[in-house]
1. Quickly estimate the mean residue ellipticity at 222 nm for the chain, helices only: each DSSP H run with n ≥ 4 gives -39500 (n - 2.57), and the total goes over all residues, rounded to 500.
2. Regarding the chain, what's the average projected area of the Cα-atom convex hull, expressed in nm²?
3. So if we plug the beta-carbon distance of residue 7 and residue 34 into 1/(1 + (r/R0)^6) with R0 = 22 Å, what FRET efficiency do we get, rounded to 0.05?
4. Subtracting the Cα-Cα distance from 0.36 nm times the residue separation, let me have the gained length for residue 51 to residue 119 in nm, one decimal.
């Protein structure tokens with residue numbers, strides 16, 4: 001169950017076309033959503049999963065955003081806040097999450113939304 005103040009790990013679920021939310025302590029999926037906002041975030045890539053995606057030419061789950069839930073109502077998007085920029089990750093081109101051509105590893109605030117594909121905005 002998703003609770004206020006909980007540390008979670010979020011990834012894009014390739015089959016459900018939405019975000020899966022894991023308890024950061026147990027790794028158990030506790031929620032699925034099309035939008036979520038987190039604070040005090042760490043963006044991470046599992047190198048073995050990235051290598052497998054490149055080797056096989058098939059995506060797999062190896063990119064995560066870990067943070068504290070919630071920041072504010074999920075209806076208010078961080079992309080409207082000053083300084084928010086889109087973050088992306090392409091396992092075939094980049095080794096890390098990227099924001100405006102630069103690697104990004106942490107962010108004080110991230111909002112994730114979707115319209116059949118992930119949209120991530122970070123301060």
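Values in this text are rule-based calculations from the coordinates and carry no lab data. Everything numeric in this text was worked out from a predicted model, so none of it was measured. Backbone-built Cβ (ideal geometry, glycine too); neighbour counts: all protein chains shown.
1. -2500 deg cm²/dmol
2. Averaged projected area of the chain's Cα convex hull equals 7.3 nm².
3. 0.55
4. 22.1 nm
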